[in-house]
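See below for the structure under consideration.
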Amino acid sequence: MKTSIVLYCRPGFEKECGAEIQEKAAWNEMYGYIEILKREGIVYFHLHNSEDAEKLIEKLPLKRLIFTRQWFVTLTDKIELPDYNRVEAIVESLGTEWQYADLRMETADTNDGKALSKFCRKLAVPLRQSLRKNKILTEKGDNEGAVLHALFFSGNEVQLGYSLGTNTSPYVMGINRLKFPSNAPSRSTLKLDEAFLYFIPKDERESRLSSGLNAVDLGAAPGGWTYQLVRRGMMVQSIDNGPMAESLMETGQVKHRMVDGFKFIPVKKNVYWLVCDMVEKPHRVAYLMAQWLLHGYCKEAMFNLKLPMKGRYQQVQKDLQMIKDTFAEHKVKYEMYAKHLYYDREEITVHARLLSPPPLAKD
Ligand SMILES: C[S@@+](CC[C@H](N)C(=O)[O-])C[C@H]1O[C@@H](n2cnc3c(N)ncnc32)[C@H](O)[C@@H]1O
């Protein structure tokens, strides 16, 4: 059996996901070839050297991959399951050598996969029990331990693998499913909600997403992103020529400014968050975000970069590199992560902040 890494991404983005893992593995001098399950959001990275699989998921932070939602190292090839005694067949193929802290029942992120996930939920109960009985699954609460993945292709076909508790997504298939708030003005509200939950660690949310902070929302109408800022108690300047939802204006927390988002500069230096969802050329948005941070107009920025039809991975790399080069030119320390989040479609979300004083800020 060859040892491979299985990566989950948004269906339709397998090529980008494959190109990215191959490139970032090569930076670590690990090589292999890609096999994609087209439109299923599943990518195999078959490593030439089997030992590299675990080394790679240990060394490369999952957070550094833009197009990968979740990953695992294979323990088995695809296993054929009988119609009965599926649990026994899975437990048997695992052996008793290794223990896991958690079990994830997974499928492709497709309509067929959704139908299959009901079956998985039912099977999870007896499977967990049996894994515990056989001491393959340890007691809950061990975040450091390995996570066991069971990827189902049908009720009769599964592949098993593991990820490392310290470098894995906490969600099944790496997807954080959120409930759409019925009073939000647009569905894109979920993009910013997911982004805040993904990029800002839980124990820092109280200070970095706290009530009373000031925010600017560029390309705000009708207000899905502003809604997330208002909901967290922030005061928001919403920039867009289009109309904002009345319900948001009534909160008294929103100032609507009908001006060009590329020309707007805040009068006061008290803006903490800049969020931006303008449908614009990504390099223009990337440049604007870097300028806001370097001038100290905001402390943190969360923004979308629209993806082109072709050469999506290369374009994203170019736009992010431009921001990195601009920061390097000004010798600032910074933190920047980008992710193709679940609620993103033809765009990725980027979070950036400076860790040293903004060099172009004027008193
Ligand atoms: C995808 S929509 C934003 C949706 C919004 N984030 C929400 O959650 O409801 C993009 C918005 O960007 C605005 N926009 C595009 N170019 C702009 C510019 N130069 N200045 C201000 N707004 C702009 C458009 O008017 C449009 O309302």
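The values are calculated or read from the model by the stated rules, or taken from the named source; none is laboratory data. This is a predicted model, so every value here is computed, not measured. As a convention, Cβ positions derive from the backbone with ideal geometry for all residues, glycine included, and neighbour counts pool all protein chains shown. For the accessible areas, the whole protein counts, side chains as well, though only heavy atoms, and no ligand, DNA or RNA atoms are used. Shrake-Rupley method; radii C 1.70, N 1.55, O 1.52, S 1.80 Å.
For segment 4-174, a simple Cβ point-charge model (Lys and Arg +1, Asp and Glu -1, everything else neutral) yields a dipole of about 700 debye relative to the Cα centre.
Test of understanding: express the Cα radius of gyration of the chain as a ratio to 2.2 N^0.38 Å, with N the residue count.
Taking the Cα Rg and dividing by 2.2 N^0.38 Å, one obtains 1.08.
Backbone amide hydrogens, once placed in the peptide plane, bring L213 within less than 5 Å of M235, excluding anything fewer than 5 places away on its chain. In the chain, the DSSP-assigned H stretches of four residues or longer account for a calculated mean residue ellipticity at 222 nm of -9500 deg cm²/dmol, using -39500 (n - 2.57) per stretch and the full residue count as denominator.
A 1.4 Å probe run over the protein chains yields, for segment 190-246, 37 Å² of accessible area per residue, whole-number rounding. Toward the positive end of the charge dipole of segment 67-158, with +1 on the Cβ of Lys and Arg and -1 on the Cβ of Asp and Glu, the farthest Cα among N156, F72, Q129 is that of Q129. Can you work out D for segment 4-174 in µm² s⁻¹ from Stokes-Einstein, where Rh is the Kirkwood radius over C-alpha pairs, the temperature is 4 °C and the viscosity is 1.567 mPa s? The diffusion coefficient I find is 80 µm²/s. Over segment 127-231, all Cα pairs binned in 5 Å intervals from 0 give whole-percent P(r) values of 2, 9, 14, 16, 15, 10, 10, 10, 8, 4, 1, 0, listed from short to long. Rounded to 0.05, the FRET efficiency of the R128 and E246 pair, given R0 = 30 Å and the Cβ-Cβ distance, is 0.05. Converting phi to 3J(HN,Hα) with the Karplus coefficients 6.51, -1.76 and 1.60 and the offset θ = phi - 60°, segment 156-169 yields 10, 9, 9, 10, 10, x, 9, 10, 9, x, 8, 9, 9, 7 Hz in sequence order, with x at every glycine or proline.
Across the alpha-carbon set of segment 75-136, the Rg to Rh ratio works out to 0.96, Rh being the Kirkwood radius. A straight line joining the Cα centroids of segment 298-342 and segment 146-191 runs 24 Å. Counting only heavy atoms of the protein chains, get the accessible area per residue of segment 35-161 (1.4 Å probe) and round it to a whole Å² value. On a per-residue basis, 52 Å². Residue pairs exceeding 19 angstrom between C-alpha atoms, taken from K191/K263; K299/K331; K24/K339: K191/K263.
Taking all protein chains together and rolling a 1.4 Å probe, C298 ends up with roughly 10 Å² accessible. Nonpolar atom fraction for the chain, defined as the carbon and sulfur part of the 1.4 Å probe accessible area, stands at 50 percent.
Remark: the chain carries a charge dipole of roughly 960 debye about the Cα centre, counting +1 on each Lys and Arg Cβ and -1 on each Asp and Glu Cβ. Partner lysines whose Cα lies under 25 Å from the Cα of K135, excluding those fewer than 8 positions away in the same chain, are identified as K78, K122. Diffusion coefficient (Stokes-Einstein, Kirkwood radius over C-alpha pairs, 4 °C, 1.567 mPa s) for segment 170-267: 92 µm²/s, rounded to a whole number. Using a simple spin-label model with pseudo-atoms 7 Å out from Cα toward Cβ, K38 and R121 lie 3.2 nm apart. Checking Cβ-Cβ separations below 4.7 Å across the chain identifies C120, C276, C298 as cysteines lacking any candidate disulfide partner. Note that segment 47-57 has calculated 3J(HN,Hα) couplings of 7, 5, 10, 3, 5, 5, 4, 5, 4, 5, 6 Hz, one per residue in order, obtained from phi through the Karplus relation 6.51 cos²θ - 1.76 cosθ + 1.60 (θ = phi - 60°); glycine and proline are x.
A viscosity of 0.890 mPa s and a temperature of 25 °C, combined with the Kirkwood radius over C-alpha pairs in the Stokes-Einstein formula, give segment 224-362 a diffusion coefficient of 155 µm²/s.
Converting phi to 3J(HN,Hα) with the Karplus coefficients 6.51, -1.76 and 1.60 and the offset θ = phi - 60°, segment 278-287 yields 5, 7, 8, 4, x, 5, 5, 5, 4, 4 Hz in sequence order, with x at every glycine or proline.
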